[in-house]
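Enquirer: To start, I am sharing the structure in question, which I have written as structure tokens.
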Amino acid sequence: MNMMKMVKQAQQIQAKMAKLEDELAAEEFEISSGGGAVTVRMNGKQKILRLTVRDDVFKEGDREMLEDLITAAVNEAHERASQIAKDRISAITGGMNIPGLF
């Protein structure tokens with residue numbers, strides 16, 4: 001493979017990655033824990049956009065339970081966002097492992 005072809009391929013991957021970054025920032029999803037007691041809205045770039053806690057959770061007054069529910073929802077949302085990004089990056093790179101991407 002000649003050097004010009006490799007450079008062109010690298011530029012194409014770079015352009016696709018920039019587009020992917022924008023798409024991930026725009027994509028949003030929700031994850032709930034405790035039967036909907038805590039809901040996390042996150043985007044594909046793993047940024048928490050909103051965290052909601054149902055009113056009845058506060059009435060129970062169990063701080064430790066609330067902390068556990070928040071932790072579970074945030075961790076699951078993070079895992080989902082991470083997997084979405086990995087899958088889409090793999091589609092762009094053709095499964096090539098490029099250091100620093102994930």
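Enquirer: If each DSSP helix of 4+ residues adds -39,500 (n - 2.57) and the sum is divided by the residues in the chain, what number results at 222 nm, nearest 500 deg cm²/dmol?
Expert: After summing the helix terms and dividing by the residues of the chain, the value is -20500 deg cm²/dmol.
Enquirer: Net charge near E28, counting Lys/Arg +1 and Asp/Glu -1 over other residues with Cβ under 12 Å of its Cβ?
Expert: +2
Enquirer: Something else now. Taking 7 Å along the Cα-to-C-beta vector as the label spot, tell me the N75-L20 distance in nanometres, rounded to one decimal.
Expert: 2.7
Enquirer: Right, something else. What order do you get for E60, E30 when you list them from fewest to most C-beta neighbours inside 10 Å?
Expert: E60, E30
Enquirer: Separate question: First measure r as the distance between the Cβ atoms of L49 and A10, then evaluate 1/(1 + (r/R0)^6) with R0 = 22 Å and state the FRET efficiency to the nearest 0.05.
Expert: Between L49 and A10 the formula returns 0.10.
Enquirer: Let me ask something additional. Count the lysine pairs in the chain whose Cα atoms lie under 15 Å apart, taking only pairs 8 or more positions apart in sequence or on different chains.
Expert: Lysine pairs, 8 or more places apart or on different chains, close enough: 5.
Enquirer: In what order do D56, D22 fall by count of nearby beta-carbon atoms within 10 Å, going from fewest to most?
Expert: Neighbour counts put them in this order, fewest first: D56, D22.
Enquirer: As a footprinting exposure proxy, order R50, R80 by other Cβ within 10 Å, with the fewest listed first.
Expert: Ordered from fewest to most neighbouring Cβ atoms within 10 Å, R50, R80 come out as R50, R80.
Enquirer: Percent relative contact order of the stretch 3-93, based on C-alpha pairs within less than 8 angstrom and at least six residues apart?
Expert: 29
Enquirer: Can you tell me what the convex hull of the Cα atoms of the stretch 4-102 projects to on average, as an area in nm²?
Expert: 7.1
Enquirer: Highest mean first, what order results for 3-15, 64-76 on Cβ atoms within 10 Å?
Expert: 64-76, 3-15
Enquirer: Once phi is turned into θ = phi - 60°, what whole-Hz ³J(HN,Hα) does the Karplus curve with 6.51, -1.76 and 1.60 give for every residue of the stretch 45-55, x standing for Gly and Pro?
Expert: 9, 6, 9, 6, 9, 7, 10, 10, 10, 4, 3
No lab work stands behind these numbers, since they all come straight from the coordinates. Bear in mind that the values here come from a model prediction, so they are computed numbers and not experimental data. Methodologically, a virtual Cβ is constructed for each residue, glycine included, from the backbone with ideal geometry; neighbour enumeration extends over all protein chains shown.
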